[in-house]
Amino acid sequence: MNSEIDEPSARGRVVVVFGSTGTAGNGAVHACLADPGVAEVRAVTRRPLGSSHPALVEVMCSDFADLSPIARHLRGVDTCLFCLGSSARKVSGEAQYREIHVTYALAAARSLKEESPGASFVYLSGAGTHRDSRMMWARVKAEAEDRLAELGLTHHVNVRPGFILPVAPTGLSRWLLKPLLGLAPPLGIRAEDLGRAMLRAGLDHSLGAESITLANRELRELAGP
């Protein structure tokens with residue numbers, strides 16, 4: 001798979017990241033800030049990131065279901081990396097999980113389409129996502145993928161990574177997931193690599209059709225060495 005992205009415009013790319021305080025979102029922000037073709041990273045978040053960078057703009061948001069107060073921050077955008085999410089173990093039930101992974105994602109995609117019609121939308125799904133799965137989270141994420149595909153976005157990408165190793169692993173991530181990723185790379189991906197793959201998938205419209213899905217192996221290949 002080609003890991004090159006389209007040539008950046010004179011001003012450089014503008015990327016919006018949702019969920020930048022989470023494992024995947026943090027990796028996405030790091031990957032975007034490290035890319036010389038990205039001029040600005042707009043991190044939509046409920047709480048301050050606690051870090052600064054000349055290209056980083058924090059966009060505070062209190063309600064992810066209603067993005068009208070921050071709509072102006074979705075203008076002039078090239079791609080949106082939607083990494084907002086929660087573990088099924090940390091929510092009260094399916095309704096709350098669907099609100100986070102479906103309602104919020106659709107709100108972001110619709111606002112992006114209205115404010116930046118030519119922008120792409122990259123949705124963080126997960127390995128094992130399936131409409132008929134016994135697992136609630138897998139069915140809900142499949143619903144999100146399907147409903148996003150119906151919006152008629154210029155370019156829509158679902159990414160389905162395995163386990164995600166944090167940028168700065170601690171605890172279980174450091175002592176278990178990090179060695180496991182070294183022994184069995186196909187099982188997961190580093191957060192920075194996932195972020196780089198999402199960025200490239202969002203900016204390279206030649207990867208496939210209007211709506212595509214990338215599995216963990218494809219994401220690792222797209223991220224490059």
Candidate set: segment 68-107, residues that are in a helix (DSSP H, G or I) and under 15 Å from the mean Cα position of the chain (by Cα); chosen: the one surrounded by the most Cβ atoms within 10 Å (Cβ to Cβ): His101
Any hit, segment 91-111, residues being under 14 Å from Gly152 (Cα atoms), out of contact with any strand residue (DSSP E or B) (no Cβ under 8 Å at 6 or more places or on another chain) and basic (Lys, Arg): yes
Any hit, segment 15-33, residues being in contact with a strand residue (DSSP E or B) (Cβ under 9 Å, 6 or more places away or on another chain), outside any strand (DSSP E or B), free of Cβ contacts under 8 Å to residues at least 60 places away in the same chain and more than 17 Å from Gly195 (Cα to Cα): no
Top-ranked residue of segment 21-67 - restricted to ones that are of a type in the set (Val, Ile, Thr) and out of contact with any Phe, Trp or Tyr (no Cβ under 6 Å at 6 or more places or on another chain), ranked as surrounded by the fewest Cβ atoms within 10 Å (Cβ to Cβ): Val57
Test: residue in segment 131-141 that is in contact (Cβ under 8 Å) with a residue 60 or more places away in the chain and either assigned to a helix (DSSP H, G or I) or more than 16 Å from the chain's Cα centre (by Cα) (or both): no
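Just so you know, all these numbers are worked out from the coordinates, no wet-lab data involved. What you see is a predicted model; the values in this text were computed from it and never measured. FYI the Cβ positions are ideal-geometry reconstructions off the backbone, even for glycines, and counts take in every protein chain you see.
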